[in-house]
Amino acid sequence: MPHSVLIIDDEETIRKSLGYLFAAKGFSVSAAATIAEGLKLAWAARPELVILDNRLPDGTGLQALEMIKAEQPDIMVIMLTGYANLPDAVQAMRKGAYDYLTKPVDIDALEIAAERALETQGLKKENLVLKMRHGGSHTGVIGNSREIHKILLIMGLLAENPDTTVMITGESGTGKELAARTIHSLSARKDRPFLDINCASLSEHLLESELFGHERGAYTDAKEMKKGLLEVADGGTVFLDEIAELSINLQPKLLRVIETKTFRRVGGTRDIKVDVRIMAATNKDLSNPENRKNFREDLYYRLCVMPVHMPPLRARENDVLDLARYFLSQSAAIKKNITEISEDCEGYLLAYSWPGNIRELRNVIERAVILSQGPAITPEHLPHELLEKKEHAVREERADYPSAPCSLDRLEKEHIKKTMDFSRGNQSLAARLLGISRSTLINKLKKYNLL
């Protein structure tokens with residue numbers, strides 16, 4: 001079946017041009033000039049995608065968005081507006097919009113946004129099927145972005161293959177351990193142990209004993225036999241965090257466990273058979289040979305049967321507010337009767353790059369809850385670095401523009417540089433804010449040596 005789109009815009013030229021665009025791509029197209037007409041078509045046609053103008057004769061696009069999402073929460077909505085406005089963008093995201101584009105519409109950007117919106121919708125449906133297969137289990141992974149839906153789909157597939165070795169990569173604070181626990185909890189191993197150990201936290205000697213156990217008398221302090229994690233977790237999962245720090249002497253022993261499901265305790269002479277799934281995680285890019293100088297290639301490829309990459313929070317902008325509200329609901333805010341995050345505060349959260357990822361966001365919300373007296377978290381409760389980031393951007397913007405007369409090229413260069421900084425290097429977003437196509441932006445970046 002062809003995809004379906006509903007275009008709600010009071011400008012006839014936009015309705016027709018966008019209608020031709022989507023029809024040429026095989027979409028079933030319907031169009032309306034008012035909210036009232038649009039709602040009737042939304043109920044009747046049940047479109048997968050809605051292109052919604054923010055200013056309409058009988059109300060605002062935000063009002064229409066709220067009504068559409070209340071009845072059909074799975075519809076993907078892309079908002080259009082005549083000017084970039086952060087508060088409106090925040091409101092649109094809060095009410096469930098997938099994207100927020102400025103007019104005049106950059107056709108390339110709209111096509112990309114529509115394609116990603118429908119891909120996200122497809123991933124949602126596949127995730128729902130997987131969730132039903134696993135008894136409706138909640139993953140604990142918060143987010144509604146395309147990136148997270150891809151991760152959830154991979155997690156579901158890995159849960160259905162409980163013997164596959166997994167390597168989870170990503171920056172610190174992106175939720176690698178949560179991903180491992182989620183895969184385990186959705187799998188047939190869920191009723192067996194999930195045991196984790198940090199390979200960087202123990203010396204080689206202690207780590208070997210913790211993993212493999214030891215026989216009595218194996219060394220001076222070994223007064224009695226001890227079972228290791230691999231033995232205790234029989235039937236379950238062993239999660240090895242910071243696997244890149246694993247001693248070169250222990251790597252062949254781990255490889256043997258993965259390949260034969262057998263090992264020997266320290267000081268032992270007999271093989272012990274276990275049925276465990278090995279999951280590992282690292283914040284290093286081991287796909288780069290330069291980072292694998294002290295890591296066996298055969299072990300790396302054995303661990304990477306099914307790699308899972310946890311994206312940084314800066315690549316999941318649509319998830320920041322969902323995560324923030326989740327952490328608010330899980331904190332002491334309940335006792336203090338703090339029920340919301342102010343709109344100004346949300347703007348700061350969205351503008352920040354989150355170098356510490358989800359862990360940093362959780363800590364920021366926890367701190368804000370401690371400082372707030374309710375009923376909402378406001379900018380004054382945020383740490384200095386979040387506020388400074390935005391203030392510094394304003395100061396930079398003022399400083400970037402020359403006070404003396406200068407060429408148009410110089411002004412254009414400074415404006416593009418400022419917009420790229422604001423969008424944190426996201427070329428598609430920067431192009432939308434500048435009102436030009438992405439290809440035009442790339443040409444200008446090359447022209448001004450900004451790439």
Answer residue from the range 234-251, given it is touching a Lys or Arg at 6+ places or on another chain (Cβ under 7 Å) and not in a strand (DSSP E or B) and is nearest to residue 169 (Cα to Cα) among those = 244
ask   = What tally of residues in the range 326-349 results from selecting those that are surrounded by fewer than 17 Cβ atoms within 10 Å (Cβ to Cβ) and either at pLDDT 90 or above or touching a strand residue (DSSP E or B) at 6+ places or on another chain (Cβ under 6 Å) (or both)?
value = 2
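Does residue 60 satisfy the criteria of being polar (S, T, N, Q), in contact with a Phe, Trp or Tyr (Cβ under 8 Å, 6 or more places away or on another chain) and either under 23 Å from residue 346 (Cβ atoms) or outside the structural domain of residue 115 (by TED's automatic domain parsing) (or both)?
Criteria not met by residue 60.
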ask   = Does the range 28-46 hold any residues that are within 34 Å of the chain's Cα centre (by Cα) and among the charged types (D, E, K, R), and which are they?
value = 46
query = Among the residues of the range 309-365, which ones are assigned to a loop (DSSP other than H, G, I, E, B) and either within 20 Å of residue 90 (Cβ to Cβ) or of a type in the set (A, V, I, L, M, F, W, C) (or both)?
reply = 310, 316, 332, 338, 339, 342, 352, 353, 354
query = Do you know which of the residues in the range 105-120 that are in a helix (DSSP H, G or I) and of a type in the set (A, V, I, L, M) is farthest from residue 149 (Cα to Cα)?
reply = 107
request  = Select, from 192, 181, 265, the only residue that is basic (Lys, Arg), under 30 Å from residue 141 (Cβ atoms), touching a Phe, Trp or Tyr at 6+ places or on another chain (Cβ under 8 Å) and modelled with pLDDT under 95.
outcome  = 181
remark   = When every residue in the range 1-24 that is touching a residue at least 40 places away in the same chain (Cβ under 8 Å) and charged (D, E, K, R) is compared, the one farthest from residue 61 (Cα to Cα) is 11
request  = Could you tell me whether residue 231 is farther than 15 Å from residue 280 by Cα and not in a loop (DSSP other than H, G, I, E, B)?
outcome  = yes
request  = Output the residues belonging to the range 42-55 that are within 19 Å of residue 98 (Cβ to Cβ) and either touching a strand residue (DSSP E or B) at 6+ places or on another chain (Cβ under 7 Å) or in a helix (DSSP H, G or I) (or both).
outcome  = 42, 45, 47, 48, 49, 50, 51, 52, 53, 54
inquiry  = Please go through (1) of a type outside the set (D, E, K, R); (2) in contact (Cβ under 8 Å) with a residue 40 or more places away in the chain; (3) surrounded by fewer than 16 Cβ atoms within 10 Å (Cβ to Cβ); (4) assigned to a helix (DSSP H, G or I) for residue 206 and return the number of the only condition it doesn't satisfy.
reply    = (2)
remark   = The lone condition residue 174 fails out of (1) in contact with a helix residue (DSSP H, G or I) (Cβ under 9 Å, 6 or more places away or on another chain); (2) at pLDDT below 85 is (2)
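Tell me, which residue of the range 18-35 that is of a type in the set (Ser, Thr, Tyr) and surrounded by 15 or more Cβ atoms within 10 Å (Cβ to Cβ) is farthest from residue 76 (Cα to Cα)?
Once the filter is applied, the top-ranked residue is 34.
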key: Hey, residue 73 in contact with a Gly (Cβ under 9 Å, 6 or more places away or on another chain), surrounded by fewer than 21 Cβ atoms within 10 Å (Cβ to Cβ) and not hydrophobic (A, V, I, L, M, F, W, C) or not   = yes
note = Checked 259, 224 against criteria (of a type outside the set (A, V, I, L, M, F, W, C), part of a loop (DSSP other than H, G, I, E, B) and loosely packed, with under 13 Cβ neighbours inside 10 Å); the one match is 224
query = Which one of the conditions (1) surrounded by fewer than 16 Cβ atoms within 10 Å (Cβ to Cβ); (2) within 20 Å of the chain's Cα centre (by Cα); (3) hydroxyl-bearing (Ser, Thr, Tyr) does residue 352 fail to meet, given that it meets all the rest?
reply = (1)
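So that you can scan it fast, the table gives a plain yes or no per residue for (1) among the aliphatic types (A, V, I, L, M); (2) in a helix (DSSP H, G or I):
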site	(1), (2)
2	no, no
6	yes, no
10	no, no
15	no, yes
18	yes, yes
21	yes, yes
29	yes, no
36	yes, yes
39	yes, yes
ask   = How many residues, within the range 182-201, are in a loop (DSSP other than H, G, I, E, B), of a type outside the set (A, V, I, L, M) and in contact with a helix residue (DSSP H, G or I) (Cβ under 7 Å, 6 or more places away or on another chain)?
value = 4
message = I'd like the residue in the range 235-262 that is in contact with an Asp or Glu (Cβ under 7 Å, 6 or more places away or on another chain) and among the hydrophobic types (A, V, I, L, M, F, W, C) and, out of all such residues, is nearest to residue 298 (Cα to Cα).
response = 255
task = Collect the residues in the range 299-308 that are surrounded by 17 or more Cβ atoms within 10 Å (Cβ to Cβ) and either assigned by TED's automatic domain parsing to the domain that holds residue 339 or not in a helix (DSSP H, G or I) (or both), keeping them in residue-number order.
result = 308
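The values are calculated or read from the model by the stated rules, or taken from the named source; none is laboratory data. Just so we're clear, the structure is a prediction, and the values are computed from it rather than from any experiment. For neighbour counting, all protein chains shown are included, and Cβ atoms are generated from backbone atoms with ideal geometry for every residue, glycine included.
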